[in-house]
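A.B. asks: Let me begin by handing over the structure; questions about it come next.
The values are calculated or read from the model by the stated rules, or taken from the named source; none is laboratory data. Small disclaimer: the values here were computed from a predicted structure and weren't measured. Cβ atoms come from the backbone with ideal geometry, glycine included; neighbour counts cover every protein chain shown. Protein only, heavy atoms only, side chains kept; ligands, DNA and RNA dropped before computing areas. Shrake-Rupley method; radii C 1.70, N 1.55, O 1.52, S 1.80 Å.
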Amino acid sequence: MKRDILIGLGVGIFAFLLVMGYNVLPIAMLCLAAYFLWTFVISRQVLKTGNGETITSTTVNFEDIGGQAIAKKELQEALDFLRYSDRMKALGIRPLKGILLSGPTGTGKTLLAKAAAKYTDSSFLSVSGSEFVEMYAGVGAERVRSLFRRAREMVKREKKSSAIIFIDEMDILGAKRGSNVSHHEYDQTLNQLLIEMDGLKTDQGPNILVMAATNRPEALDPAILRPGRFDRQVKVDLPDKEGRVAILEIHTKNKPLAFDVDLEAIAHETFGFSGAHLESVTNEAAIFALRDQAKEITARHFHEAVEKVMLGEKLDRKPTAEELRRIAIHESGHAMLAESVRPNSVSQVSIRSRGNALGYVRHYPKDDLYLYTQAMLEEQIMVALAGALAEEECLGNRSTGAAGDYEQALNLVEKMLQAGMSPLGVTDVSLLSAEQRQPVTKDILAELENRTKQIILQKKDILIQLSDILQEEESLSGDTLRTYLQNVA
Ligand code: ATP
């Protein structure tokens with residue numbers, strides 16, 4: 001951008017001097033030559049130093065990847081094009097040039113690409129989409145050419161018959177053309193990739209397969225997904241419970257586990273975790289065991305690790321006694337309401353600061369659910385509102401500590417609107433104006449606040465006692481909380 005302004009300014013000055021009758025031709029020629037020399041030198045430098053592609057001999061097998069059964073199966077089927085290319089050729093089948101892996105971050109897309117290279121005995125080159133993006137015209141396109149050149153050289157050097165080029169963050173390199181600010185350079189780079197892929201032929205030289213990963217497939221230029229380019233798309237989703245158990249098993253294989261560790265139970269608690277999160281849980285649990293100088297990793301270490309990965313590191317914040325009382329009442333409100341509307345759902349309630357939270361209640365996910373009924377959403381909203389309402393009923397006013405809860409409640413109301421669960425019925429939510437949306441949202445929240453308040457008023461004494469215990473203990477497990485609630489009921 002700046003460069004364009006400078007060029008424009010330069011041209012303007014020269015035009016002005018020319019009009020004024022000065023002979024600016026020799027200076028103009030000199031400037032032009034200097035500019036080209038500068039661009040050439042810089043782009044060479046960028047090519048030399050910035051090309052961060054990594055070449056690895058991969059040792060990952062499909063067995064090292066937990067869960068993802070469908071993704072693995074689809075991928076293996078596609079890879080058979082490369083493994084049995086002679087058979088494919090005999091039948092006149094067009095070679096497969098690209099596979100796109102799409103899914104949330106940390107779900108194992110890079111692992112799958114590495115396993116694909118091992119499975120097909122291919123050379124493996126890995127590069128990130130962001131590495132192609134430079135402000136210097138032509139550098140990205142040259143990098144793409146260099147990438148394919150290197151892949152061919154590598155196959156020869158390693159005496160293999162095929163190579164897999166893995167491009168991570170494909171949405172940066174392959175965003176819809178014209179959508180970037182300095183779109184000329186982006187578009188040139190993407191065009192070059194498409195040219196290279198169109199040029200891939202199996203009957204000349206080695207087979208090259210491009211695998212790309214993205215978590216925003218909708219941002220990709222449709223030309224990328226055209227048949228003959230990335231014509232296989234494999235979805236790599238967050239693991240289900242079975243997948244989470246398998247991933248935990250893989251990452252605890254080299255770790256000594258105590259008898260009380262139950263991987264199924266950990267998988268149950270970690271709904272929504274990616275493979276990367278789960279790997280982090282096993283690692284953090286081992287670090288907690290090391291801190292305790294324990295020889296084995298226990299269930300308690302895993303419990304701490306899940307909390308750390310889910311909510312962040314414990315902090316040394318020291319709220320005042322008055323603040324602590326308020327936090328305890330707020331969290332007791334959430335916990336008590338959760339147990340009222342969904343018994344056995346609380347896993348932990350705590351007034352220790354972690355991440356951004358001054359206290360927290362952790363819930364057991366209701367197994368792996370992909371659909372929510374209106375009643376479930378309403379219960380969740382009530383639990384979210386209960387903290388502030390408990391403060392109001394027990395202390396006479398609310399505090400800023402509920403901002404996150406309101407955000408959560410509003411997101412849930414939005415879900416209800418989208419699912420046609422509001423008085424507006426089934427409607428295109430994106431067409432609603434703020435004036436249409438606001439009263440409906442307000443009514444839903446007011447009605448749920450009212451219901452929540454009734455429960456809190458009924459159980460106010462229990463809530464205050466619970467908050468006193470919480471101030472003494474700092475943290476209560478779900479089971480301890482339930483025992484207490486049963487005893488006072
Ligand atoms: P991103 O989109 O952020 O690049 P990704 O989907 O490519 O992420 P990976 O880099 O493959 O994710 O995974 C990161 C780490 O998480 C892996 O090195 C591994 O330790 C762990 N992991 C992720 N998924 C799995 C899985 N299915 N099985 C075992 N480990 C996994």
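A.B. asks: Looking at the structure I just gave you, is Ile444 in contact with a Leu (Cβ under 9 Å, 6 or more places away or on another chain) and in the same structural domain as Arg325 (by the TED database)? Give the steps one after another, and end with the answer.
C.D. replies: Numbers: in contact with a Leu (Cβ under 9 Å, 6 or more places away or on another chain): yes; in the same structural domain as Arg325 (by the TED database): yes.
The answer is yes for Ile444.
A.B. asks: Right, here's the next one. Residues that are charged (D, E, K, R) and near the ligand (Cβ under 10 Å from one of its atoms): does region 250-262 have at least one?
C.D. replies: Residues of region 250-262 that are charged (D, E, K, R), as a first pass: 253, 255, 260, 262.
When the remaining residues are screened for being near the ligand (Cβ under 10 Å from one of its atoms), the result is none.
No, every residue in region 250-262 fails to be charged (D, E, K, R) and near the ligand (Cβ under 10 Å from one of its atoms).
A.B. asks: Those residues that are touching a helix residue (DSSP H, G or I) at 6+ places or on another chain (Cβ under 6 Å) and open to solvent by 50 Å² or more (accessible area, probe 1.4 Å), I need them from region 382-394; list them, please.
C.D. replies: Those that are touching a helix residue (DSSP H, G or I) at 6+ places or on another chain (Cβ under 6 Å) and open to solvent by 50 Å² or more (accessible area, probe 1.4 Å): none in region 382-394.
A.B. asks: In region 301-343, what residues are part of a loop (DSSP other than H, G, I, E, B) and more than 30 Å from Ile455 (Cα to Cα)? Reasoning before the result, please.
C.D. replies: Within region 301-343, the subset part of a loop (DSSP other than H, G, I, E, B) is 312-313, 315-320, 342-343.
Scanning region 301-343 gives Gly312, Glu313, Leu315, Asp316, Arg317, Lys318.
A.B. asks: What residue, among those in region 89-101 that are assigned to a loop (DSSP other than H, G, I, E, B) and charged (D, E, K, R), is least open to solvent (accessible area, probe 1.4 Å)? Let's see the steps before the verdict.
C.D. replies: Of region 89-101, the ones assigned to a loop (DSSP other than H, G, I, E, B) are 91-97.
In the following step, the residues that additionally are charged (D, E, K, R) were identified as 94, 97.
Values: Arg94: 129, Lys97: 29 Å².
It comes out as Lys97.
A.B. asks: Now a separate question. Tally up the residues in region 111-129 that are of a type in the set (Lys, Arg) and more than 10 Å from the ligand (Cβ to nearest atom), please. Can you show your working first?
C.D. replies: Looking only at region 111-129, we keep the residues that are of a type in the set (Lys, Arg), and these are 114, 118.
Filter once more, keeping what is more than 10 Å from the ligand (Cβ to nearest atom): 118.
The total comes to 1.
A.B. asks: Restricted to region 270-299, and to residues that are touching a residue at least 40 places away in the same chain (Cβ under 8 Å), in a helix (DSSP H, G or I) and open to solvent by 30 Å² or more (accessible area, probe 1.4 Å), which residue is nearest to Gln348 (Cα to Cα)?
C.D. replies: Ala299
A.B. asks: When residues of region 217-246 are filtered for being among the charged types (D, E, K, R) and under 27 Å from Arg150 (Cβ atoms), how many remain? Before you say what the answer is, go through the steps one by one.
C.D. replies: Initially, region 217-246 is screened for residues among the charged types (D, E, K, R), giving 218, 221, 226, 229, 231-232, 235, 237, 240-242, 244.
Add one more test, that the residue is under 27 Å from Arg150 (Cβ atoms), and what stays is 221, 226, 229, 231-232.
Residues meeting the conditions: 5.
A.B. asks: Same structure again: Restricting the first residue to region 106-127 and requiring it to be open to solvent by 20 Å² or more (accessible area, probe 1.4 Å), which pairs with a second residue that is assigned to a helix (DSSP H, G or I) and within 6 Å of the ligand (Cβ to nearest atom) meet a Cβ separation below 9 Å and a spacing of at least six or different chains?
C.D. replies: Once the first residue is open to solvent by 20 Å² or more (accessible area, probe 1.4 Å) and sits in region 106-127, its partners that are assigned to a helix (DSSP H, G or I) and within 6 Å of the ligand (Cβ to nearest atom) give Gly106/Gly275; Gly106/Ala276; Gly106/Glu279; Leu111/Gly275; Ser126/Thr110.
A.B. asks: Taking region 71-88 as the search range and keeping residues that are more than 16 Å from the ligand (Cβ to nearest atom), open to solvent by 80 Å² or more (accessible area, probe 1.4 Å) and among the charged types (D, E, K, R), which one is modelled with the lowest pLDDT? Working first, answer last.
C.D. replies: Kept after step one, since they are more than 16 Å from the ligand (Cβ to nearest atom), are these residues of region 71-88: 77-88.
If we keep only those that are open to solvent by 80 Å² or more (accessible area, probe 1.4 Å) too, we end up with 77, 83-84, 86-87.
Checking which are among the charged types (D, E, K, R) leaves us with 77, 83, 86-87.
Values: Glu77: 85, Arg83: 82, Asp86: 79, Arg87: 82.
Top of the filtered list is Asp86.
A.B. asks: Looking at region 89-110, is at least one residue among the hydrophobic types (A, V, I, L, M, F, W, C), under 21 Å from the mean Cα position of the chain (by Cα) and within 10 Å of the ligand (Cβ to nearest atom)?
C.D. replies: Restricting attention to region 89-110, the residues satisfying the condition of being among the hydrophobic types (A, V, I, L, M, F, W, C) are 90-91, 93, 96, 99-101.
When the remaining residues are screened for being under 21 Å from the mean Cα position of the chain (by Cα), the result is 99-101.
Keeping just the survivors that are within 10 Å of the ligand (Cβ to nearest atom) gives 101.
Checking region 89-110: at least one residue is among the hydrophobic types (A, V, I, L, M, F, W, C), under 21 Å from the mean Cα position of the chain (by Cα) and within 10 Å of the ligand (Cβ to nearest atom).
A.B. asks: Here is a check on your reading of the model: is Leu457 over 22 Å from Leu358 (Cα atoms), in the same structural domain as Ser340 (by the TED database) and surrounded by fewer than 16 Cβ atoms within 10 Å (Cβ to Cβ)? So that I can check it myself, show each step before the final result.
C.D. replies: Numbers: over 22 Å from Leu358 (Cα atoms): yes; in the same structural domain as Ser340 (by the TED database): yes; surrounded by fewer than 16 Cβ atoms within 10 Å (Cβ to Cβ): yes.
In short, yes.
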